[in-house]
Amino acid sequence: MKKYTLITGACGGLGRSFVKMCAKNKENLILTGTSEKKLEKLVTDFKEEFKDIDVKTLVLDLGKMEDRKNVISFVKENKLDVSRLINNAGVIIEGDTLKFSDEEILNAVEVNCIGTLDLTQKFLKAREDKSQKFEVLTVASVASSYPIPHMAVYAATKSFLVSMMTALSEEVKKDNVVVTTVCPGGMATSQAMKESIKSMGLGGKLSCTDTDKVAKIALKALSRKKKNVVTGGFNKFLVVLSKPFSKAFLAKSTGKIWKKSQDKRNF
């Protein structure tokens with residue numbers, strides 16, 4: 001039976017890099033995203049890379065329970081053997097927490113935390129042959145190491161992912177499951193992200209990592225069964241820097257930095 005790698009958020013900047021890397025390795029793919037048109041364009045864009053592999057697409061809003069159930073049903077009905085899950089889909093919300101609607105807050109938590117965990121658990125529970133290795137790669141962020149005022153929800157959801165997936169990796173390693181979490185810095189995947197990185201000055205420039213490089217580092221760490229990996233020397237420094245200080249001090253410091261960044265962008 002053919003083995004497949006399933007990638008959530010496949011149409012985004014980092015998602016496309018994962019698609020490119022996996023296709024280069026001749027892995028059969030199940031690509032998910034929230035837009036059917038974007039998925040169709042993705043397949044068209046990678047036509048040459050996909051000519052020697054089997055590629056399937058599926059619309060998935062990770063924030064919807066029914067969509068997550070549909071993924072498992074799709075895999076079972078088509079008798080697909082998924083051996084790797086790349087949890088790449090996520091929602092970025094930036095700004096003062098109280099300015100967001102209830103729906104925006106809940107959606108961010110549902111997609112980044114609940115949806116990612118639920119989909120992972122569903123696949124792990126659905127495994128029939130535990131002698132076969134199963135891999136889970138989850139995209140978090142270097143922001144997970146800091147409480148960040150004016151970007152509090154996003155940072156908190158990524159902190160949840162690091163904690164949850166690190167603990168899960170220990171629980172399931174006896175079942176031949178490898179769980180790796182990658183923490184990149186900023187990635188210039190949209191105009192808004194480019195402006196955000198630029199507004200951070202030298203720190204933003206040093207933290208920024210090319211999406212292809214992030215994908216390559218993440219997949220290499222997964223192959224080496226690492227629980228966590230941070231991309232980029234400066235980002236590793238930021239993670240280490242956060243260790244000695246209290247959460248209150250870190251929040252005060254990062255709050256000033258983000259407020260200054262947002263003022264520059266008239267956010």
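Bear in mind that the values in this text are calculations on the coordinates, not laboratory data. Treat the numbers as computed from the prediction; the structure is a model and nothing was measured. Reconstructed Cβ throughout: ideal geometry from the backbone, glycine too, with neighbour counts over all protein chains shown.
Computed about the Cα centre, the dipole magnitude for the chain is approximately 1040 debye when only Lys and Arg (+1) and Asp and Glu (-1) carry charge, each at its Cβ. The local environment of residue 261, defined by Cβ-Cβ distances under 15 Å, has a net charge of +4 under the rule Lys, Arg +1 and Asp, Glu -1. The gain in end-to-end length when the residue 133 to residue 248 segment is fully stretched comes to 37.3 nm, 0.36 nm per residue minus the alpha carbon separation. Sparse packing (at most 14 other Cβ atoms within 10 Å of the Cβ) combined with a DSSP loop state is found for the following trypsin sites (Lys or Arg not before Pro) in the stretch 10-51: 26, 47, 51.
Under the simplified labelling scheme, the residue 191-residue 3 pair shows an inter-label distance of 4.3 nm, with each label point 7 Å from Cα along Cα→Cβ. Pairs of C-alpha atoms in the stretch 124-223 farther apart than 19 Å represent 52 percent of all such pairs.
Please give the direction-averaged projected area of the C-alpha convex hull for the chain, in square nanometres with one decimal.
So the Cα hull casts an average projection of 14.2 nm².
In this structure, residue 170 and residue 198 have a Cβ-Cβ separation that, at R0 = 30 Å, corresponds to a calculated FRET efficiency of about 0.15. Over the residues of the chain, the helix contribution to mean residue ellipticity at 222 nm works out to -15500 deg cm²/dmol, using -39500 (n - 2.57) for each DSSP H run of at least 4.
For the chain, the longest principal axis of the Cα atoms and the long axis of helix 116-126 meet at an angle of about 20 degrees.
Return the Rg/Rh ratio of the stretch 12-100 with Cα-based radii and a Kirkwood Rh.
Taking Rg over the Kirkwood Rh, I get 1.02.
Given their separation in residues at 0.36 nm each and the Cα-Cα distance between them, residue 118 and residue 76 gain 13.4 nm when the chain is fully extended.
In this simple spin-label model, placing a label point 7 Å from the Cα along the Cα-to-Cβ direction at both residue 225 and residue 52 gives a separation of 2.9 nm.
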